[in-house]
Structure formats: C-alpha cells, structure tokens
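Asker: This is the structure I have questions about; it appears just below.
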Amino acid sequence: QEQVLQTAHLLKETDTNVFRAGIWKPRTRPGGFEGVGEKGLPWLQQVKKETGLLVTTEVGNVEHVEKALKYDIDILWIGARTTVNPFAVQEIAEALKGVNKTVLIKNPVNPDLALWLGAVERIQNAGISQLGVIHRGFSTYNSLHYRNNPKWHIAIELKKEFPDLPLILDQSHIC
C-alpha cells in the first residue's frame, strides 16, 4: 500500500492523469506474482481520493468486475488472455450492463482480428459507450526483434471496422 500511494503521489506531479495497477495478474504458470487481489482495491480508492488521478485495473472475470465496481474503479481493461475467450468476455459484458465506466480491450494474445472485434462487439452490445482498445502486440514463438510482434495491419483493420474507437498503443509489451 505504501508503494502504491508513494508512486501515485509522485505521478500526480507529472502530466499523468490515470494510475494503472494490476490488482489481478494472470500468469501462465503457478507461483508467479498474481497481484494482491481485492485487498488492493481500497488502495486505489485512496489513490483517487488523495491525488485526483483516475484509477484502472484489469478484470478477467465477473467477480473481478463486481469487486472493481464496488470500489469505484474508473477504467476497467480486459486483458489479452481474456479477450481470447468469448465466453468470459460475454460474462464480463453482462456484468457491465447499465454501468457508466470506461472499458478498454487489449488485443488477443494471438493475431486473430475476429476475436478482438468480437470482444469489442460484445462490450458494445452491453451498452458500454466509453470504449477503447489497446494494441499490445501479439505473441510469437522465438521472436528475435520484439517481445510481442506489433503486426500493425491487424490494428489498422480494427480501426477500419471501428474508425471512431480510441486506440492506445502499449509499447511496453512490444519492446
């Protein structure tokens, strides 16, 4: 908690207006840091109260959505690992019906435009009007140049389908 608040106060002195925190971190294999979970949500409330920064975290299931809404998290993002699962995205969409929050959808792990479009459409169909996408590149085996290959043509195709949808580039995943 101390680290979160200290970081937020330092960021407040910059042009930053959103504090991003991975309360839940999906990991491929057990044993890695998977976030602090729900106990970190009051910390984000405190960040917002003390700094005025908007707060955001990833949600991977309905339980995450319910807890994030309970703690008034401003922006929810659907991560790359969740975007690939239409069942999970649909459940999240249903949990978001009637909610006035910003929702961001990361591209799926694998280069599949249809999965990304489907996630956008499911969230839109839930009535979420404050919607954007995050391009974080795509996983590749034995990549020599990028952590995640950008495959720009897929992001461009998504923008052709949804020209007014804000697109954020998460270059930290691509580097």
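Asker: Calculate, axis by axis, the spread of Cα positions in region 101-175 along the three principal axes, and write the results as whole Å, longest axis first.
Answerer: That gives 41, 21, 17 Å along the principal axes, largest extent first.
Asker: Quick one: pull the percent of accessible area on region 1-112 belonging to carbon and sulfur, 1.4 Å probe, ligands and nucleic acids left out. Please list the in-between numbers first.
Answerer: Working: 2910 of 6020 Å².
Exposed carbon and sulfur together represent 48 percent of the surface.
Asker: While we're here: Hey, can you find the accessible area per residue of the chain for me, probe 1.4 Å, expressed in square angstrom? All intermediate terms of the calculation are to be shown ahead of the outcome.
Answerer: Details: 9730 Å² over 175 residues.
Spelled out: the 1.4 Å probe surface of the chain, per residue, equals 56 Å².
Asker: Mind sorting out which of [x] 41, 40, 35; [y] 44, 41, 36; [z] 39, 34, 31 is the real Cα extents along the principal axes in Å computed from the coordinates?
Answerer: [x]
Asker: Further, regarding this structure: Around residue 146, with a cut-off of 14 angstrom between Cβ atoms, what is the net charge of the other residues, counting Lys and Arg +1 and Asp and Glu -1? Working shown, then result.
Answerer: Values: positive: 136, 147, 151; negative: 170.
Spelling it out: positives minus negatives among the neighbours equals +2.
Asker: Now for a separate question. Under the definition of Cα pairs under 8 Å and six or more residues apart, what whole-number percent is the relative contact order of region 24-163?
Answerer: Values: 215 pairs, mean separation 23.8, N = 140.
So the answer I get is 17 percent.
Asker: Give me the number: length gained by fully extending residue 39 to residue 144, i.e. 0.36 nm times residue separation minus the C-alpha to C-alpha distance, one decimal in nm. Display every interim value, and only then the final one.
Answerer: Numbers: separation 105, 0.36 × 105 = 37.80 nm, distance 3.84 nm.
Length gained, residue 39 through residue 144: 34.0 nm.
Asker: Sort 67, 101, 12, 160 from largest to smallest accessible area, using a 1.4 Å probe on the heavy atoms of the protein chains. Don't skip to the answer; put the middle values down first.
Answerer: Details: 67 50, 101 25, 12 85, 160 135 Å².
I get 160, 12, 67, 101, largest accessible area first.
Asker: Past 18 Å, Cα to Cα, is the threshold; run 97/160; 101/159; 49/97; 49/70; 12/48; 12/49 against it and keep the listed order. Can you show the working numbers first?
Answerer: Details: 97/160 26 Å; 101/159 22 Å; 49/97 26 Å; 49/70 15 Å; 12/48 10 Å; 12/49 12 Å.
The answer is 97/160; 101/159; 49/97.
The values are calculated or read from the model by the stated rules, or taken from the named source; none is laboratory data. All figures in this text were calculated on a predicted structure; none of them were measured in a lab. Glycine also receives a Cβ, built like all others from the backbone with ideal geometry; neighbour counts cover every protein chain displayed. What goes into the accessible areas is simple: the full protein's heavy atoms, side chains included, and nothing from ligands, DNA or RNA. Shrake-Rupley method; radii C 1.70, N 1.55, O 1.52, S 1.80 Å.
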